[in-house]
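The values are calculated or read from the model by the stated rules, or taken from the named source; none is laboratory data. None of these values were measured; they are calculated from a predicted model. Because the Cβ atoms are built from the backbone with ideal geometry, glycine has one as well, and the counts that use them run over all protein chains shown.
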Amino acid sequence: MDQEELKNLSVDKVVDARGTACPGPLLAAKKAVGEIDPGQIMEVLSADEATNRDIPKWAQKKGHEYLGTIEDSGYFRIFMKKGQ
Amino acid sequence: MENKKMTIGLFSGSVDRLTAAGVLISGAAADDMDIDIFVLLQGARAFLKGMGDTPEKLGMSENSEMKEEFLESLKKLNVMPWMEFFRAAKELANVKIYVCGLAGKVWGGEKVEDFDEIVDGIVGIGECITSMEESDIHLFI
């Protein structure tokens, strides 16, 4: 997805993990993905560079769809769709 | 698909290594791995009831003279205390924590009740070796 499409996405759950360092955001994402249904969209906010690499890889490995990342001022907005 | 399995021989009872172990366990739990942790010798002291939430009572394996700065830096980065990683991993995945019988006795812990409630049992080394044989990843920390 391009940046414009990501900005216009209707998100079902936002996980704000900006206050934590690795592996905090990954743990928060793992917990939160259990609370949404397959096909729903989750946005993870993280100020951690390592998480910006980790979450896309983790999402793909676990059968979710990584949609893209928006780099905002000082943090990342990472979008994924929950798999079946 | 069957979950992958990680087995850890956790010998260290020092706060820096326990924190590193906690980070690794968290990553494996987020990956849905089954995790068996066998707490050996020095590690058992850190799992005695009441010790998990008092990192100041534990040593540091490296740069021991900088323990205070290390703990302060972790706090500033909002990194959870080492025991919280273990607790969080147990919530997310099938994580079992066993204390080696000998290790427990060394520190005066004879029964499972003598240890933090996240400890699942006291076992012998045979169980540890069997778990390692069956695991995809094994680590000694």
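Against the conditions (1) farther than 20 Å from B:Asp31 by Cβ; (2) more than 14 Å from chain B (Cβ to nearest Cβ); (3) touching a strand residue (DSSP E or B) at 6+ places or on another chain (Cβ under 7 Å), A:Asp2 satisfies every one except (3).
Residues checked against (1) among the hydroxyl-bearing types (Ser, Thr, Tyr); (2) at pLDDT below 95; (3) more than 20 Å from B:Ala88 (Cβ to Cβ):
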site: A:Lys13; (1), (2), (3): no, no, no
site: A:Asp16; (1), (2), (3): no, no, no
site: A:Ile36; (1), (2), (3): no, no, no
site: A:Ile41; (1), (2), (3): no, no, yes
site: A:Val44; (1), (2), (3): no, no, no
site: A:Asp48; (1), (2), (3): no, yes, no
site: A:Gln84; (1), (2), (3): no, yes, yes
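Any idea which residue in the range B:112-132 is surrounded by the most Cβ atoms within 10 Å (Cβ to Cβ), counting only those that are among the charged types (D, E, K, R) and at pLDDT 95 or above? Among those residues, the one meeting the criterion is B:Asp116.
Please specify each residue of the range A:30-48 satisfying the condition of being of a type in the set (Gly, Ala, Ser) and out of contact with any helix residue (DSSP H, G or I) (no Cβ under 6 Å at 6 or more places or on another chain). Those that are of a type in the set (Gly, Ala, Ser) and out of contact with any helix residue (DSSP H, G or I) (no Cβ under 6 Å at 6 or more places or on another chain): A:Ala32, A:Gly34, A:Gly39, A:Ala47. When the criteria are applied in full, B:Lys49 meets the requirement of being touching a residue at least 24 places away in the same chain (Cβ under 8 Å), touching a helix residue (DSSP H, G or I) at 6+ places or on another chain (Cβ under 7 Å) and under 17 Å from B:Trp107 (Cα atoms). Answer yes or no: is there a residue in the range A:19-34 that is at the interface with chain B (Cβ under 10 Å from one of its Cβ atoms), in contact with a Pro (Cβ under 8 Å, 6 or more places away or on another chain) and farther than 16 Å from B:Asp31 by Cα. No, the range A:19-34 contains no residue that is at the interface with chain B (Cβ under 10 Å from one of its Cβ atoms), in contact with a Pro (Cβ under 8 Å, 6 or more places away or on another chain) and farther than 16 Å from B:Asp31 by Cα. Counting the residues of the range B:117-128 that are without any contact (Cβ under 8 Å) to a residue 12 or more places away in the chain and under 10 Å from B:Gly9 (Cβ atoms) gives 0.
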